Amino acid sequence: MSKTPAGTLYRGREGMWSWVGHRVTGVAIFFFLLVHVLDTALVRVSPDAYNAVIATYKNPFMALLEAGLVAAIVFHAFNGLRVILIDFWKKGPKYQAKMLWGVIGLWVVVMVPFLIRHLSLAFTGGH
Amino acid sequence: MTAQNTEPVEPASKVDLAPGVGGGGEIPSFDITLKVRRYNPEVSEEARWDEFKLTMYGTDRVLDALHKVKWEHDGSVSFRRSCAHGVCGSDAMRINGRNRLACKTLLKDLDTSKPITVEPIKGLPVEKDLIVDMEPFFQSYREIMPFLISSGHEPTRERLQSPEDRERFDDTTKCILCAACTSSCPVFWTDGQYFGPAAIVNAHRFIFDSRDDAGDMRLEILNDREGVWRCRTTFNCSEACPRGIQVTKAIAEVKQAVLNRRI
Amino acid sequence: MAVSTEIQAPRSGRIAPEYTRHGRSKGNFEMGAWLFMRLSGVVLVVLIFGHLFVNLMVGEGVHAIDFGFVAGKWADPFWQVWDLSMLWLAMLHGTNGVRTIINDYAEKDGTRITLKTILYVASAVIVVLGTLVIFTFDPCPAGAAAELLPSFCQA
Amino acid sequence: MQVHKYDVVIVGAGGAGMRAAIESGQRARTAVLTKLYPTRSHTGAAQGGMCAALANVEEDNWEWHTFDTIKGGDYLVDQDAAEVMAKEAIDAVLDLEKMGLPFNRTPEGRIDQRRFGGHTRDHGKAPVRRACYAADRTGHMILQTLYQNCVKHNVEFYNEYYVLDLLVLEEDAVREDGTAYKQKRVAGVVSYDLASGEIHVFQAKSVVFASGGVGKVFKTTSNAHTLTGDGMAIAFRRGIPLEDMEFVQFHPTGLAGLGILLSEAARGEGAILRNSEGERFMERYAPTIKDLAPRDIVARSMALEVREGRGCGPNKDYVLLDLTHLEPAHIDAKLPDITEFARTYLGVEPYTEPVPVFPTAHYAMGGIPTNIKGEVLQDNDTVIPGLYAAGEVACVSVHGSNRLGTNSLLDINVFGKRAGIYAAEYAQTADFVEVPEGADADTIRLVESVRNANGTERVAQLRKELQDTMDANVQVFRTEQSLNETLNVIASLRERYRNISIQDKGKRFNLDLLEAVELGFLLDMAQVMTVAALHRKESRGGHFREDYPDRDDANYMQHSMAYLDDTAQAGTVAGIRLDTKPVVFTRYEPMVRKY
Ligand SMILES: Cc1cc2nc3c(=O)[nH]c(=O)nc-3n(C[C@H](O)[C@H](O)[C@H](O)COP(=O)(O)OP(=O)(O)OC[C@H]3O[C@@H](n4cnc5c(N)ncnc54)[C@H](O)[C@@H]3O)c2cc1C
Ligand code: HEM
Ligand code: SF4
Ligand code: F3S
Ligand code: FES
């Protein structure tokens, strides 16, 4: 019903951008999950088939993708908890922006060790 | 010159005013570029940006700049305004990308080295330039039954209400129905069907009024596909509200009230 | 008298048809969905972080993942239940999330219904498939090369 | 010609209009026409409170309230009207509470009350707590509550419909004493739909004018841009007189240059006024009550300081409101709004810096004359059946020559309600007056002549010159000379007004066009005000003549009535006839007004 001619981008702040992030990561995870269930289902077909597909994941490019996925999940999870606190904790709305910085802080804290380990494994090659 | 005592002392009959106190010197003037988004279907279906170079003064607001444009440059620039000091809610618009009241936004608080952009609020049909159709907005407002409903017999004098009960909904009584909140809400932009924060704020004002007996009905109305559950806590509304109403908090309280009633 | 037409208030308190809301929804579905997103979210944090930790951080990380690894895990009912709840919760959570997004952006009834149908079918397929796989899974399928299987199959 | 038919048509959706609509809407088919969305009316800007002798916190009664109102108005108040207002004040407040207005409460849960200028116990013995309030947003709450109740009662609003003409016919009639006269009858109104640019005629049995004030004839004013005296001007142009137009209230503390109001409460809480020398000059003008002297006296003293060169700022054109000796915590608790306005609009921090202030045009005491039923008078005592007025546009006259703070919110509620009830009752028995063929012709001509105006004068420029002149000459101080000068300026502005041009020629939301039409109203009203001021050769309430500094009861204890009359001449001004109307006395004899 809105025939507003497109204007500039709305300059929202923490709340809006965290929501954009939450939405984008949510959809990304969802599509990954679809694929992930399908590939895991190959275990039902035969060990060879499963291993063949999983083996193709074991290259640096896929490792980067996986890292991105984990980054998305971690952000979505922590921000999800932030959203829940906004909804149920009395002071949630007041501290929403601060909590977002907390989410980002936690995200860094989790991602740094993970990336170090994950990428070093990926690039040095296991086996 | 400040009195140190807490006792209200009689102020001095005469004091030395520091030079420049109360705006002693020259009123600073500065140049700005105002970019106004223009749209007039009588002329063209296309919207466009018009730029105006203006010299403005110390305490001028965006509304003053718009007036200068309308009164001295282009009389066809159209926008609503009335009170000019932030109490009537006529001139919510998007200034440098954010919803504000033009009459409450001082030019000197904006970055005047870049053009200042002014656009209509988002999500409501634009009628002309900065004027949008407010009817969908008021429609949502009317739907939440924004009036006191009380059963039981009318007292002869006033209904009693403790100061604490009165305080409970104070924040949401401040709303001037300017639509800055609703038109800043990304969910409202999508299809315009969401009730929007302003309607919820005004429902809140009655739901938490101890004199009102129709809270359940309002909660029922807002427990709708287009009701409170569509809010994704993006806080644009709280940040846009020129009255400083804690809009998202009010919405959270209404959500809790619906939950508590149902469970 | 000169009265030519009598017209009703055009922009008054009456609800003009173009401003009416889509039909009302009944019941508490949206509330339930909202609540479920939050409850499932909390549980998912535990499930997913546990899953990621075990799969990616313990031992050799991703490199350790192969048929043997998966089979080894699912031999244990604990991980079967874990992964099953994760599958269901994540899929319901994700499906509902995407449903919201479709509702937000698909304005035309047709588009919306089509997209949602695709979503529900896809989700149902995935959930059923995943469930079947976890329950009917045989860690030591006959005829497979022994080195691919978890160590306990050798017995 | 598009014609809508209603029993009652209400012009204006401010406090008075909506209060009338709530009553009338429940009794008769009612439409409200308003040039703004109802919640944007200027009633929402009122801060202080609304008085009623509820006696919730201390002893009080409506007779004391009546006395204060009459004395505050410098005895030019019609005392029967003041009695009605003070008596019905109590119900007016209780009505609002029942409609849901969130008043501040006492610890016992009753409506709280506070002090306000000029309201006293027992005929001036001590200040009394009479003003009911909702924080410093009383007007906002009244406007919202009334709108809410209009929604509740499904009142039909025509938003952004500008009423531009009143349809009045004249019939031959005979008075009781046998003299013949022309009886005016009302058939409806003609309006302009802002969205489409179409002209709509509204036929109605009763018409209620509630279109608010005319503050925009002045440059410095607390009034909204939209308060251009439309209702008064429309009535005046149709031969209806205007009463007491010379009386305008100037509120002492408007933010300098902007006119935005800083409530009287500031001085109530201890703020004081200083000039450029840092002197607390009110000690000289009112040695006993100093800064808390009545509004007219304070405003005058401030203007005098500036005139004598002790103003502050680059142009030495304002004085300072000093709050710096007050504790910041106290300011925050009692005056949050004022501090916010000062910070936002002047960038002044009131904790540490005095705030630039200057008198600001605030309220028109005069307007369309009515009786206590809200019925409009076509002369001193002939009612125009079916035509009503209430609120700032009307003059009942409860404010006389100077309105007391909080009495206007009361006025709009009491007389808005009355007008609504009587208008609906009249409509139930009366018949429609035929709308003549081509009733909208004048309005179409007006609008089209402006739309097609291709002259050389800019509307904004003329308006600015008008406002500057009025500020300079017809503000707090007036003299024969300043007023004559103003009349000359207005005459030349009216001449130049014929040569205007506008740029927006379209139909949609053509505010350019309407600003030009509004300027026409402003010019008319400025002229009436000035003429009336010129002819009142005394000083009373808001009207101060330097050449006649005293009140002159012998010659001027009467209302002024200005008529549009082509055959008449008021001083140098052709086309205006000035008359007088006796003041109604019931029991209060005029006394010297001192506090
Ligand atoms: C800043 C400020 C503070 C005040 N504080 C107080 C206070 O504390 N206490 C107190 O008692 N009083 C106070 N007053 C005075 C009081 O608020 C006003 O006098 C009163 O609200 C006027 O109400 P109204 O209904 O007559 O007009 P308004 O509220 O001004 O409404 C006018 C209505 O008429 C409509 N209208 C106008 N022209 C047309 C037209 N041509 N066609 C159609 N519609 C039209 C407008 O759209 C509007 O709806 C204050 C005033 C101001 C400015
Ligand atoms: C890890 C733990 C998770 C938590 C704590 C969590 C939390 C949340 C919450 C609270 C919401 C609601 C947001 C709102 O209403 O504004 C949400 C939305 C969503 N989630 Fe999750 N979630 C998690 C995992 C997942 C997973 C695994 C998926 C994908 C399958 C997913 C997909 C989505 C989607 C698509 C949305 C909708 C986003 C929107 O409407 O903007 N989430 N999540
Ligand atoms: S809540 Fe705030 S932003 Fe929204 S309409 Fe009311 S005043 Fe405006
Ligand atoms: S902007 Fe919209 S999403 Fe919620 S928090 Fe405000 S209503
Ligand atoms: S003009 Fe009234 S809020 Fe800006």
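Tabulated values for the structure
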quantity: Extent along principal axes [Cα atoms of region C:26-138; Å; largest to smallest]; calculated: 50, 25, 24
quantity: At 0.890 mPa s and 25 °C, Stokes D of region D:313-444 from Kirkwood alpha-carbon radius, µm² per second; calculated: 129
quantity: Sequence of A:PHE61, D:PHE218, D:PHE281 once ranked by neighbouring C-beta atoms within 10 Å, starting from the fewest; calculated: A:PHE61, D:PHE281, D:PHE218
quantity: Scattering profile of region D:85-143 at q = 0.29 Å⁻¹ [log10 I(q)/I(0), Debye over alpha-carbon scatterers]; calculated: -1.28
quantity: Only Lys, Arg (+1) and Asp, Glu (-1) charged, at Cβ; region D:251-359 dipole about Cα centre in debye; calculated: 340
quantity: Dimensionless Rg/Rh of region A:14-124 - Kirkwood Rh, Rg from C-alpha atoms; calculated: 1.09
quantity: Inter-part distance where region C:64-82 and region D:260-291 are each reduced to a Cα centre, Å; calculated: 84
quantity: Shape box of chain D [Cα atoms, principal axes, largest first, Å]; calculated: 67, 57, 50
quantity: Projected area averaged over orientations for region B:196-243, convex hull of C-alpha atoms, nm²; calculated: 3.7
quantity: D:ILE368, A:ILE86 arranged by Cβ crowding within 10 Å, fewest neighbours leading; calculated: A:ILE86, D:ILE368
quantity: Region D:171-308: radius of gyration over Cα atoms, expressed as a fraction of 2.2 N^0.38 Å; calculated: 1.57
quantity: Rounded to whole Å, sorted largest first: equivalent-ellipsoid semi-axes of region B:94-230, Cα gyration tensor; calculated: 34, 19, 12
quantity: Debye intensity ratio I(q)/I(0), log10, chain B, q values 0.11, 0.12, 0.14, 0.17 Å⁻¹ (C-alpha model); calculated: -0.75, -0.83, -0.98, -1.20
quantity: Largest-first principal axis extents of the Cα set of region D:441-582 (Å); calculated: 55, 30, 25
quantity: Listed residues D:VAL459, D:VAL573, D:VAL447: farthest to the positive end of the dipole of region D:441-582 (Cβ charges); calculated: D:VAL447
quantity: Rg(Cα) / (2.2 N^0.38 Å) computed for region B:29-132, rounded to two decimals; calculated: 0.99
quantity: Listed residues C:LEU132, C:LEU35, C:ALA122: farthest to the positive end of the dipole of region C:26-138 (Cβ charges); calculated: C:LEU35
quantity: Residues D:SER211, A:SER120, B:SER90, D:SER206, sorted so that the one with the fewest Cβ neighbours within 10 Å comes first; calculated: A:SER120, B:SER90, D:SER206, D:SER211
quantity: Disulfide-incompatible cysteines by the Cβ rule (no partner under 4.7 Å) in the protein assembly as shown; calculated: B:CYS103, B:CYS175, B:CYS178, B:CYS185, B:CYS231, B:CYS241, D:CYS51, D:CYS132, D:CYS150, D:CYS312, D:CYS395
quantity: Fraction of alpha-carbon pairs over 63 Å apart in the protein assembly as shown - percent; calculated: 18
quantity: Pairs from B:LYS104/D:LYS35; A:LYS98/C:LYS116; B:LYS70/B:LYS104; D:LYS182/D:LYS505 whose Cα-Cα separation, in the structure shown, is over 28 Å; calculated: A:LYS98/C:LYS116; D:LYS182/D:LYS505
quantity: Those GluC sites (Glu not before Pro) in region B:29-137 that DSSP places in a loop and that have at most 15 other beta carbons within 10 Å; calculated: B:GLU42
quantity: Estimated vicinal HN-Hα couplings, Hz - region D:559-574 in sequence order (Karplus 6.51, -1.76, 1.60; Gly, Pro = x); calculated: 6, 9, 10, 10, 10, 7, 8, 4, 8, 9, 9, 10, x, 8, 9, 8
quantity: Mean projected area (nm²) of the alpha-carbon convex hull when region B:94-151 is viewed from all directions; calculated: 5.7
quantity: More than 21 Å apart - percent of Cα-Cα pairs taken over region D:384-518; calculated: 66
quantity: Reciprocal mean inverse distance between Cα atoms of region D:251-359 - Kirkwood radius, Å; calculated: 13.5
quantity: Cβ-placed point charges (K, R +1; D, E -1), dipole of chain A about Cα centre in debye, nearest 20; calculated: 700
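Every read-out reported here was derived from the displayed coordinates using simple, explicitly stated rules and does not represent laboratory data. The structure displayed is predicted, hence computed values, not measured ones. Positions of Cβ are generated from backbone atoms using ideal geometry, with glycine treated the same way; all protein chains shown enter the neighbour counts.
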